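The values are calculated or read from the model by the stated rules, or taken from the named source; none is laboratory data. This one's a predicted model, so the numbers in the text were calculated from it and none came from an experiment. When we count neighbours, we look across all protein chains shown, and the Cβ atoms used for this are built from the backbone with ideal geometry, even at glycine. The protein model used for the area step is the full one, side chains on, heavy atoms only, and it has no ligands, DNA or RNA in it. Shrake-Rupley method; radii C 1.70, N 1.55, O 1.52, S 1.80 Å.
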Amino acid sequence: MYEKLLQIEKNHLEGISAAYVILSQFFISIAQAIIKRAHQSTYSLLYHRGIMIVIGIFASSKQEYFPKGKINALVFQGLILAISAPIFFASLRMISMSEGLVISQINTIWGQIMTFFIWGEAINRKRIRNIFISLIGLILMTRPQFLFGSISDPQHFMGCIVGLVASLLQAASFVSVKFVGNQVSSNVITYYFHICMVIVGGTEIILMGVNDVYDFTYFILVTLSAITTYSANIFFFKAIQLTNFARIAPYTYTSIIFSLFFDFFLFERIPSILSILGGSIIVGSIILSLKGY
């Protein structure tokens with residue numbers, strides 16, 4: 001069965017990679033909705049979810065968990081992504097899911113800038129143009145008070161800024177996957193990320209003195225979050241390993257469609273016209289940039 005799947009991946013590389021990304025965005029949207037809906041602290045949920053996923057991976061699959069020459073890259077990638085997670089969820093307390101996900105997609109722009117400085121990958125005039133177009137969309141989404149006056153909402157603005165910080169850290173993590181290489185299993189990458197998540201979440205619980213109520217409902221939420229997050233991680237890291245990130249990146253925007261569904265039906269919250277316009281400009285400019293226009 002596994003060999004047949006590998007053959008299908010080889011014969012339909014781009015289509016399978018796109019399907020993996022779309023599945024990953026569907027599952028991660030569910031996981032994000034669960035955490036946004038929960039009453040417990042984000043750190044508690046991420047900490048217990050991480051423990052559950054680490055145990056699940058270790059118990060269900062035999063892997064080389066200490067690949068030679070890759071451990072430092074795995075720890076760095078996992079730690080940066082783990083730090084970005086609670087920051088991202090903090091932004092969702094102040095803005096809608098769909099707005100948060102649009103802002104998180106700016107990690108592709110951060111990624112282009114990082115690869116320029118790290119590996120000297122060229123940023124042509126078209127990409128620079130698209131970066132400036134994205135900034136226009138970002139201004140419409142964040143609506144800073146010095147430009148929009150009374151229309152501006154300080155909490156919304158702060159939520160967008162926090163989301164931008166998270167997207168910067170996400171970009172650093174995704175760029176560092178290149179140092180890991182495609183010889184390391186996506187299961188192992190996920191394993192390291194969630195070990196780092198347990199460390200980050202546990203540290204914050206101790207420092208902040210979190211005192212949540214852990215009842216049966218909480219256990220169900222953590223379990224569902226663990227299953228959907230694990231599925232999302234596996235599909236996404238596998239897609240990155242199969243093909244060039246630029247080819248599959250446009251499919252990550254399907255998460256915005258899924259998040260709009262949750263915003264409307266679960267949280268009864270719809271982004272403003274300016275946020276929709278700004279988000280459309282950001283998404284459009286990034287897709288044009290990735291396609292070379």
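For this structure, a couple of remarks:
- For CYS196, the accessible area of its heavy atoms, probed at 1.4 Å with every protein chain present, is near 10 square angstrom.
- Centre-to-centre separation between the Cα atoms of segment 207-223 and those of segment 112-186: 32 Å.
- Column: log10 I(q)/I(0), Debye, Cα scatterers of the chain, q = 0.11, 0.16 Å⁻¹: -0.66, -1.42
- Given charges at beta-carbon only (K, R positive; D, E negative), |dipole| of the chain in Debye: 740
- Residues of segment 85-108 with amide N under 17 Å of the 7 Å Cα→Cβ point at PHE148: 91-104
- Pair-distance profile P(r), taking every C-alpha pair of segment 122-262, with 10 angstrom steps and integer %: 8, 25, 34, 25, 7, 0
- Isotropically averaged projected area of segment 75-160, using the convex hull of Cα atoms (one quarter of hull area), nm²: 6.8
- Ranked packing of 166-174, 117-125, 271-279, 48-56, most packed first, by mean Cβ within 10 Å: 166-174, 48-56, 271-279, 117-125
- The stretch between ASN211 and GLU64, if pulled fully straight at 0.36 nm per residue, gains 49.2 nm over its current Cα-Cα span.
- From phi via Karplus (6.51, -1.76, 1.60), per-residue ³J(HN,Hα) for segment 220-228 in Hz, x at Gly/Pro: 5, 4, 5, 4, 4, 5, 5, 5, 6
- Near SER272, no amide H atom lies under 5 Å from its own; only residues 5 or more places off or on other chains count, and H is placed 1.01 Å from N.
- Percent of alpha-carbon pairs separated by more than 16 Å within segment 94-138: 44
- Compactness of segment 51-95 is given as radius of gyration and Dmax, 14.4, 42 Å, from Cα positions.
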